[in-house]
Amino acid sequence: KGKVPTDLTCETANRNVLGYAATSTEKAVLLRTALDDVHELEILYGGLAAEEVVFGTSLVTAGSGDDIMRATRIAGLMVTKRGQGSVHFHADTIASECDWSIKSDDVQLDREVAGYLEAAHKNAVEMLKEYQHALVGLAHELFTHGTLREDEIKAYLTQELGLELPAQAPTAFDQILLEQHQALNLLRQVG
């Protein structure tokens, strides 16, 4: 998707956390779109997908639990609060013990949340299968060094594996804003 983690760590000082991946989700325009959210869901499913691709589903660990909770919360917000589902109003969910669990009384909304999550998981698995050689090579580098920073990750992917990393292109939303701004400036010059 054109994003490289800002940090990868396979060992930490916290014995309950054996590693993590950090990714910056900043973009030039501060307004998040549905596509930004979909990409974020795919990133959050990356750890689970990586374990499935490399080890198989029977050896998946509990390490992705927090990422799955965060993905569920985002998908729930997309459907119930951000108008990115079939309803374009604020849909309250039944109170639950935690804010990341969707306990809506509307079966349709629950299906939409599940649909976003299933698609994100599927896309993450497909992408990591396609680039499994890069995944395994990067995992070896990470195991060897303990921590990799963004510039080291990019260098490994491009120099060692010959992968071309796409430049972060503006989103369709960014492009529309730019075109509208240019049109407005043209009107001001004419008028």
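The table that follows gives values for the structure above.
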quantity	calculated
Cβ-Cβ under 8 Å pairs, at least 6 apart or on other chains, the stretch 39-63 side free of Cβ contacts under 8 Å to residues at least 12 places away in the same chain and of a type in the set (V, I, T), far side open to solvent by less than 70 Å² (accessible area, probe 1.4 Å) and in a helix (DSSP H, G or I)	T61/E51
Sole exception among (1) surrounded by 12 or more Cβ atoms within 10 Å (Cβ to Cβ); (2) at pLDDT 85 or above for E130, by number	(1)
Residue, modelled with the lowest pLDDT, within the stretch 20-46, restricted to residues that are small (G, A, S) and closer than 18 Å to E152 by Cα	S24
Of residues in the stretch 47-78 being touching a helix residue (DSSP H, G or I) at 6+ places or on another chain (Cβ under 9 Å) and outside any helix (DSSP H, G or I), the one least open to solvent (accessible area, probe 1.4 Å)	V60
First in the stretch 85-96 and open to solvent by 90 Å² or more (accessible area, probe 1.4 Å) and aromatic (F, W, Y), second anywhere and in a loop (DSSP other than H, G, I, E, B) and modelled with pLDDT of 70 or more, Cβ under 8 Å, 6 or more apart	F89/G83
Test result for V17, at pLDDT below 70, β-branched (V, I, T) and open to solvent by less than 40 Å² (accessible area, probe 1.4 Å)	no
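The values are calculated or read from the model by the stated rules, or taken from the named source; none is laboratory data. What you are looking at is a predicted structure, and each value in this text was computed from that prediction instead of being measured. Quick reminder, even Gly has a Cβ in these numbers, built from the backbone with ideal geometry, and neighbours come from all protein chains shown. The accessibility values were calculated without ligands, DNA or RNA, using every heavy atom of the protein model including side chains. Shrake-Rupley method; radii C 1.70, N 1.55, O 1.52, S 1.80 Å.
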